[in-house]
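Enquirer: Quick one: structure below, then a few questions.
The values are calculated or read from the model by the stated rules, or taken from the named source; none is laboratory data. This is a predicted model, so every value here is computed, not measured. As a convention, Cβ positions derive from the backbone with ideal geometry for all residues, glycine included, and neighbour counts pool all protein chains shown. Ligands, DNA and RNA are excluded from the accessible area calculation, which covers all protein heavy atoms including side chains. Shrake-Rupley method; radii C 1.70, N 1.55, O 1.52, S 1.80 Å.
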Amino acid sequence: MKIEQKIWGNIDNKDVYLFSLKNQNGTEVKITNYGATLVSVLTPDNQGNIADVIVGKNSLEGFLEKDQPYFGAVIGRYANRIANGQCTIDGTTYDLAVNNGSNHLHGGIKGFDKKVWDSETIQYKGRPALSFSMLSPDGEENYPGNLKVNVVYSLSEGGELRIDYKAKTDKTTIVNLTNHAYFNLKGEGSTLSQEMLINAKEFTPINKDSVPTGEIWNVENSPMDFRSSKPIGQDIKSSYEQLLFAKGYDHNYIIDKPLNKLGFAAKVVDTESGRTLEMYTTEPGVQFYSANWIEGVEGKNGKLENQGAFCLEAQKYPDTPNKENFPSALVTPEKDYVQTTIYKFDVF
Ligand code: BGC
């Protein structure tokens, strides 16, 4: 395993780096401390041809473009939506930025994805790893509590990219961190033929503004069912209302595993290249987003098309702070936030 580092730019007098983690089996992962963002995963197909399976940008300037859709970044404090940007914590109501229709999305105007994080090369579980840290001050984006956040990326010789998150607060707050990587196991083009399996019998249905209604629905007999592997495109064009609301998949799946335990969440297979991606997480939910709004966005090699990528975002359920029946997203000074998510890249 090898780690390299180069200067990528400078923002507000803080150096931005591009790091590379390389294992001996030909997988190379590139990460920047701007947004603690996953920039590239270069990995071979079953013939040894390398492709970059992360859709996004090639340069820091690209990541700085307004309205780029959170490519590869760490999202916080609260990934996904909070209805009307409002939540009540310990009896106080907080007004968060309304930046997605009438709702709060992905931490607000300047979320964790737009920060330059401190970075350090460390040893983690016996491997060289990258550690990113920052302090989100009390009141930032109107969230309560000084929150110290740490994210560690490590790559195994077996192709497992592991992301360990930790956050510590001095006041009760809400935390929901995720990585917003856009994957495409072919490297580019449509992902509709890539086969998805999600380890979930249930999902949280949404209203027309993509906020969960609070209900929990079974996936059975609906296009939402990914318990057996099927092409992402197989049912995506059906007139099922949930798919019409989101122009495709953009839903929180309830992963079938014990709460807070690391467990299998999803597997994606590209039968053409033989590349596979497996996901494991401690989180209760995974947002499967079929990239329904990326058409025309400049990617690494030209303009992207809708469904030219997919996201599998480990998370607490969206709008948990306003839903009593969802597993809590509260973090207190007595109890830190912890999360582990693993993306394993392989071939068959
Ligand atoms: C959300 C989508 C949103 C995308 C980019 C995803 O996590 O679920 O609704 O369009 O992020 O912002």
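Enquirer: Would a scan of the stretch 156-174 turn up a residue that is over 30 Å from ASP270 (Cα atoms), in a loop (DSSP other than H, G, I, E, B), open to solvent by 10 Å² or more (accessible area, probe 1.4 Å) and among the polar types (S, T, N, Q)?
Expert: Quick first cut of the stretch 156-174, residues over 30 Å from ASP270 (Cα atoms) only: 166-174.
Keeping just the survivors that are in a loop (DSSP other than H, G, I, E, B) gives 170-172.
From what is left, the residues that are open to solvent by 10 Å² or more (accessible area, probe 1.4 Å) are 170-172.
Narrowing further to those that are among the polar types (S, T, N, Q): 172.
Scanning the stretch 156-174, I find at least one residue that is over 30 Å from ASP270 (Cα atoms), in a loop (DSSP other than H, G, I, E, B), open to solvent by 10 Å² or more (accessible area, probe 1.4 Å) and among the polar types (S, T, N, Q), so the answer is yes.
Enquirer: Further question: Among the residues of the stretch 103-154, write down those that are more than 16 Å from GLU4 (Cα to Cα) and of a type in the set (Phe, Trp, Tyr).
Expert: PHE112, TRP117, TYR124, TYR143
Listed here are the residues, each with its yes/no results for (1) modelled with pLDDT of 95 or more; (2) within 16 Å of the ligand (Cβ to nearest atom); (3) closer than 30 Å to ASN207 by Cβ.
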site	(1), (2), (3)
MET279	yes, yes, yes
TYR317	yes, yes, yes
TYR337	yes, no, yes
ILE342	yes, no, no
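Enquirer: For the stretch 50-58, check the following and say yes or no: at least one residue is within 25 Å of VAL297 (Cα to Cα), over 19 Å from the mean Cα position of the chain (by Cα) and either within 16 Å of the ligand (Cβ to nearest atom) or open to solvent by 60 Å² or more (accessible area, probe 1.4 Å) (or both). Reasoning before the result, please.
Expert: Of all residues in the stretch 50-58, those within 25 Å of VAL297 (Cα to Cα) come to 50-58.
Retained after the next criterion (residues that are over 19 Å from the mean Cα position of the chain (by Cα)): 50-51.
Filter once more, keeping what is either within 16 Å of the ligand (Cβ to nearest atom) or open to solvent by 60 Å² or more (accessible area, probe 1.4 Å) (or both): 50.
Yes, the conditions are met somewhere in the stretch 50-58.
Enquirer: Search the stretch 284-303 for residues being at positive phi and free of Cβ contacts under 8 Å to residues at least 12 places away in the same chain, and hand back the single one that is farthest from the ligand (Cβ to nearest atom). Break it down into steps so the answer makes sense when it comes.
Expert: Here is the first cut: in the stretch 284-303, the residues at positive phi are 291, 296, 302.
Pick out the ones that are also free of Cβ contacts under 8 Å to residues at least 12 places away in the same chain and you get 296, 302.
Details: GLY296: 14, GLY302: 20 Å.
Filtering the stretch 284-303 for residues that are at positive phi and free of Cβ contacts under 8 Å to residues at least 12 places away in the same chain, the one farthest from the ligand (Cβ to nearest atom) comes out as GLY302.
Enquirer: Within the stretch 229-242, work out how many residues are within 14 Å of LYS208 (Cβ to Cβ) and either surrounded by 14 or more Cβ atoms within 10 Å (Cβ to Cβ) or among the polar types (S, T, N, Q) (or both).
Expert: The initial filter retains those residues of the stretch 229-242 that are within 14 Å of LYS208 (Cβ to Cβ), namely 240-242.
Those still in the list that are either surrounded by 14 or more Cβ atoms within 10 Å (Cβ to Cβ) or among the polar types (S, T, N, Q) (or both) too: 242.
Number of matching residues: 1.
Enquirer: State which residue is farthest from ALA79 (Cα to Cα) when the search covers only the stretch 204-228 and only residues that are within 16 Å of the ligand (Cβ to nearest atom) and surrounded by 16 or more Cβ atoms within 10 Å (Cβ to Cβ). First the steps, then the outcome.
Expert: Of all residues in the stretch 204-228, those within 16 Å of the ligand (Cβ to nearest atom) come to 204-213, 224.
Next, only the ones that are surrounded by 16 or more Cβ atoms within 10 Å (Cβ to Cβ) stay: 204-206, 210-212, 224.
Working: THR204: 15, PRO205: 17, ILE206: 16, SER210: 13, VAL211: 13, PRO212: 14, MET224: 22 Å.
Applying the filter and picking the extreme gives MET224.
Table: residues versus (1) crowded, with 24+ Cβ neighbours inside 10 Å; (2) more than 16 Å from SER190 (Cα to Cα); (3) in contact with a strand residue (DSSP E or B) (Cβ under 9 Å, 6 or more places away or on another chain).
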site	(1), (2), (3)
MET279	no, yes, yes
ASN292	no, no, yes
GLY299	no, no, yes
GLU305	no, no, no
ASP319	yes, yes, yes
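Enquirer: Pull up the stretch 243-257, narrow it to residues that are without any contact (Cβ under 8 Å) to a residue 40 or more places away in the chain and touching an Asp or Glu at 6+ places or on another chain (Cβ under 9 Å), then point me to the one that is nearest to the ligand (Cβ to nearest atom).
Expert: Pass one, the stretch 243-257, residues without any contact (Cβ under 8 Å) to a residue 40 or more places away in the chain: 243-245.
From the residues that got through so far, the ones that are touching an Asp or Glu at 6+ places or on another chain (Cβ under 9 Å) too are 243, 245.
Working: LEU243: 13, PHE245: 10 Å.
So, considering only residues that are without any contact (Cβ under 8 Å) to a residue 40 or more places away in the chain and touching an Asp or Glu at 6+ places or on another chain (Cβ under 9 Å), the one nearest to the ligand (Cβ to nearest atom) is PHE245.
Enquirer: Same structure again: What are the pairs, 6+ residues apart or on separate chains, where a residue within the stretch 177-188 that is more than 13 Å from the ligand (Cβ to nearest atom) has its Cβ under 9 Å from a residue that is open to solvent by less than 10 Å² (accessible area, probe 1.4 Å) and among the acidic types (Asp, Glu)?
Expert: Correct list of pairs: ASN184/ASP270; LEU185/ASP270; LYS186/ASP270.
This table checks each residue for (1) farther than 22 Å from LEU277 by Cβ; (2) within 16 Å of the ligand (Cβ to nearest atom); (3) in contact with a Gly (Cβ under 8 Å, 6 or more places away or on another chain); (4) open to solvent by 10 Å² or more (accessible area, probe 1.4 Å).
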residue	(1), (2), (3), (4)
TYR17	yes, no, no, yes
ASN46	no, no, yes, yes
ASP90	yes, no, no, yes
GLY108	yes, yes, no, no
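Enquirer: Take the stretch 64-81 and flag every residue that is near the ligand (Cβ under 8 Å from one of its atoms), closer than 17 Å to SER210 by Cα and open to solvent by less than 10 Å² (accessible area, probe 1.4 Å). Give the steps one after another, and end with the answer.
Expert: As a first pass, look at the stretch 64-81 and keep what is near the ligand (Cβ under 8 Å from one of its atoms): 69-70, 75, 79-81.
Those still in the list that are closer than 17 Å to SER210 by Cα too: 69, 79-81.
Residues satisfying the conditions are ALA79, ASN80.
Enquirer: With the requirement that a residue be touching a Phe, Trp or Tyr at 6+ places or on another chain (Cβ under 7 Å) and surrounded by fewer than 23 Cβ atoms within 10 Å (Cβ to Cβ), what does the stretch 119-146 give you?
Expert: SER119, ALA129, SER133, MET134, ASN142, PRO144
This table checks each residue for (1) in a strand (DSSP E or B); (2) closer than 21 Å to GLY62 by Cα; (3) open to solvent by less than 30 Å² (accessible area, probe 1.4 Å).
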position	(1), (2), (3)
GLU4	yes, no, no
ASN10	yes, yes, no
LEU21	yes, no, yes
VAL39	yes, yes, yes
LEU42	yes, yes, no
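Enquirer: Could you tell me which residue of the stretch 243-277 is most open to solvent (accessible area, probe 1.4 Å), considering only residues that are acidic (Asp, Glu) and closer than 16 Å to GLU195 by Cβ?
Expert: Here is the first cut: in the stretch 243-277, the residues acidic (Asp, Glu) are 250, 256, 270, 272.
Filter again for closer than 16 Å to GLU195 by Cβ, leaving 270, 272.
Details: ASP270: 2, GLU272: 140 Å².
Of everything passing the filter in the stretch 243-277, GLU272 is most open to solvent (accessible area, probe 1.4 Å).
Enquirer: If you don't mind, another one. Test LEU185 against the criterion of being of a type in the set (A, V, I, L, M), open to solvent by less than 10 Å² (accessible area, probe 1.4 Å), assigned to a loop (DSSP other than H, G, I, E, B) and within 21 Å of PRO69 (Cα to Cα), and give yes or no. Break it down into steps so the answer makes sense when it comes.
Expert: On the way: of a type in the set (A, V, I, L, M): yes; open to solvent by less than 10 Å² (accessible area, probe 1.4 Å): yes; assigned to a loop (DSSP other than H, G, I, E, B): yes; within 21 Å of PRO69 (Cα to Cα): yes.
Spelling it out, LEU185 is indeed of a type in the set (A, V, I, L, M), open to solvent by less than 10 Å² (accessible area, probe 1.4 Å), assigned to a loop (DSSP other than H, G, I, E, B) and within 21 Å of PRO69 (Cα to Cα).
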